[in-house]
1. Since Phe267 meets every condition but one in (1) under 20 Å from the mean Cα position of the chain (by Cα); (2) within 15 Å of Ser321 (Cβ to Cβ), which condition does it not meet?
2. When region 148-170 is examined, which residues are found to be open to solvent by less than 40 Å² (accessible area, probe 1.4 Å) and farther than 25 Å from Pro89 by Cβ?
3. For region 497-539, which residues satisfy the criterion of being among the charged types (D, E, K, R) and within 29 Å of the chain's Cα centre (by Cα)?
4. Got a sec? Which of Asp462, Asp489, Asp525 is out of contact with any strand residue (DSSP E or B) (no Cβ under 7 Å at 6 or more places or on another chain), surrounded by fewer than 18 Cβ atoms within 10 Å (Cβ to Cβ) and farther than 25 Å from Arg280 by Cβ?
5. Among the residues that make up region 188-198, is at least one of them open to solvent by 20 Å² or more (accessible area, probe 1.4 Å) and either within 16 Å of the ligand (Cβ to nearest atom) or charged (D, E, K, R) (or both)?
6. Suppose the filter is more than 26 Å from the chain's Cα centre (by Cα) and either open to solvent by less than 40 Å² (accessible area, probe 1.4 Å) or over 14 Å from Pro477 (Cβ atoms) (or both); does Ala494 pass it?
7. For Ala298, all conditions in the list (1) within 16 Å of the ligand (Cβ to nearest atom); (2) among the aliphatic types (A, V, I, L, M); (3) touching a residue at least 60 places away in the same chain (Cβ under 8 Å); (4) farther than 30 Å from Trp417 by Cβ hold save one; what is the number of the exception?
8. Given the criterion at pLDDT below 95, of a type in the set (Gly, Ala, Ser) and either touching a Ser or Thr at 6+ places or on another chain (Cβ under 6 Å) or not in a strand (DSSP E or B) (or both), identify the matching residue among Ala108, Ala41, Ala47, Ala73.
Amino acid sequence: TPSVPIPTTSIFTLLFQADPSTAHIGRFPGSYPAFIDANTATTLSRATLRSLSLSLGYGLTQSTTHLGLHKLAKGDTIMIFSPNSLAWPIILFGSVAAGLRCTLANSAYTPRELQHQWTDSGAKVVFVHPSLVRVVMEMFKTGLGLGDDEARRRVVVSGSEWLTGVQDEGANPSDLGLIQLPSLLNQGTLRQEVLFNTKKEADESVYLCYSSGTTGKPKGVETTHKNICTIVNIVKPVFPPMTLGHDVFLGVLPFYHIYGAAKLLHFPLFLGTPVVIMPRFDPVAFCAHIEKYKVTVALIVPPMVLNLTRHPATMKYDLRSLKYLMSGAAPLGDALVNAFSNKLKSVGVDCRITQGYGLTETSPTTHLLPVQDWLRKVGSTGVLLPNLEARLIRDDTNSADAKNAEDAKPGESGELWIRGPSVMKGYLNNAKATKDAITPDGWFKTGDIAIRDPEGFYTIVDRKKELIKYKGFQVPPAELESVMLQHPDIADVAVIGIECKEEATELPRAYVVHANPASLKGDADNIEFGKSVQEWFKTKVARHKFLRGGVVVIDVIPKSAAGKILRRQLKDLAKKEQAD
Ligand code: 4UW
């Protein structure tokens, strides 16, 4: 695909440039809907979203009274900790307008997981959904030892009741004494001259999503204004054209993950297409909202396709508005595509199911399967987006030695490397990890193994890195292992992903060495010990990290001479066990 011009400005200017002569916001009328709350149909127009964002930006950085909230200045970081909601885009774009940086946290996190991201990102204030205030307070008080008053200065309770008129799920009346989002909106409004707006700042990072990359614990990925300006411009030419006033996105993927953040919060605004916001996936609600809002485009992950293929709701609701289902974040196999598209066809739904590929570190999309090729190239993640370069690097070359890395022969698989303006600035405060991930001449190593066919279509065939994906969510083995080692009876541990075809995902499995092996007298003891560890682990981590693939007792963890876990050996062992 030929290169496209990429005007780089701040994200706020890109999406919300106001033209008083036409009443346009960005390239479209300000009266057009931008975001719609699925449950109540409450709608934020482009102009309303812009003005609420400017008010919030003012309340956070310019207001003199500031309601006792910790004072924020340009360059400071705020955290968003919330399931999808109508308030989300206001918090995000209000912060961006004021030149703040946003770190987006998984709303399933436990206080311990949240604390890692809070401390690592240097966040100063957290915007928290009413149902999650207790998690934040536990982090502040128990985890960080903050007093009551200091904790309160860091929290903005960010419900949407003030917009929708419906009480937020899980809200607790006793939290009303904390600073509430609406009170930051009536202090004033950001003026043009304080807007974060210059070209030279386009290389500043604006979002910090967390990714473990190829190895280790979650790291802050520095996504810049330029990265986001790039991604919306390079996705557009490979994306089906949208018709104003007709097309509608379904916003069910979490906004805190880069896939949802880029493809639901930025891209549709750039296209002029509204997004119907759902707080979580539920097959009945998913189908009901498609029917009610005549949704035309839904972004999804493979386990949702599987769930919908089996669920009767797809037969009960009128889904005929649906034109495109776009999957990503994990492999989508051809059998699944065929099964679901046949089911949809049987109820008169003519829908193309395509796929995208990318990573947090590449903002995220690097490959998309064009809709016209969805059947012909089923199972492929599609073509490289414009303005990007890709290499496939032979597995037997030392990829640490970037200069001598060798390209795979045509038709052979290799590690996918990407270069271009959507590659992250680096990992926050982690020069070593950045250097390991990006070569001196700018190639980012994905850790994924891919092949490219003669027509330029890529297929992801394997993962070289240790990362596990549960239903599209990152599960970093190194993090799980360090938590497991806190168990008094565990002497050593290795976590790998095992394939689960029934659920179209990988499942995390732990191999553990007992601290006192003689205390386990046989298979029954081993199994019981494994189960007890599995239960214990559930109290420590978010749901997507549960050891659904089991805990297996082993004599010794296979390691290299340098002490590195030989995960490949364990994977082979697991495959053998699964086959038996
Ligand atoms: N097939 C096989 C795939 C695929 C995949 C991702 O959590 P992260 O960092 O990021 C993501 C991003 C997903 C995404 C981005 C843009 C896009 O358009 C789209 O689809 C419409 C999805 O998940 O995890 C990155 C890792 O996830 C795996 C792969 O291992 C990658 O390194 N992955 N997409 N289609 N594997």
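The values are calculated or read from the model by the stated rules, or taken from the named source; none is laboratory data. Worth saying up front: this structure is predicted, and the values here are computed from it rather than measured. When we count neighbours, we look across all protein chains shown, and the Cβ atoms used for this are built from the backbone with ideal geometry, even at glycine. For the accessible areas, the whole protein counts, side chains as well, though only heavy atoms, and no ligand, DNA or RNA atoms are used. Shrake-Rupley method; radii C 1.70, N 1.55, O 1.52, S 1.80 Å.
1. (2)
2. Ala151
3. Matches in region 497-539: Glu499, Lys501, Glu502, Glu503, Glu506, Arg509, Glu535, Lys538.
4. Working: Asp462 fails: out of contact with any strand residue (DSSP E or B) (no Cβ under 7 Å at 6 or more places or on another chain); Asp489 fails: out of contact with any strand residue (DSSP E or B) (no Cβ under 7 Å at 6 or more places or on another chain).
Every option except Asp525 fails the conditions.
5. Kept after step one, since they are open to solvent by 20 Å² or more (accessible area, probe 1.4 Å), are these residues of region 188-198: 188-189, 191-195, 197-198.
Retained after the next criterion (residues that are either within 16 Å of the ligand (Cβ to nearest atom) or charged (D, E, K, R) (or both)): 191, 193.
Scanning region 188-198 turns up at least one residue that is open to solvent by 20 Å² or more (accessible area, probe 1.4 Å) and either within 16 Å of the ligand (Cβ to nearest atom) or charged (D, E, K, R) (or both).
6. Details: more than 26 Å from the chain's Cα centre (by Cα): no; either open to solvent by less than 40 Å² (accessible area, probe 1.4 Å) or over 14 Å from Pro477 (Cβ atoms) (or both): yes.
Considered against the rule, which asks whether it is more than 26 Å from the chain's Cα centre (by Cα) and either open to solvent by less than 40 Å² (accessible area, probe 1.4 Å) or over 14 Å from Pro477 (Cβ atoms) (or both), Ala494 comes out as no.
7. (3)
8. Ala73
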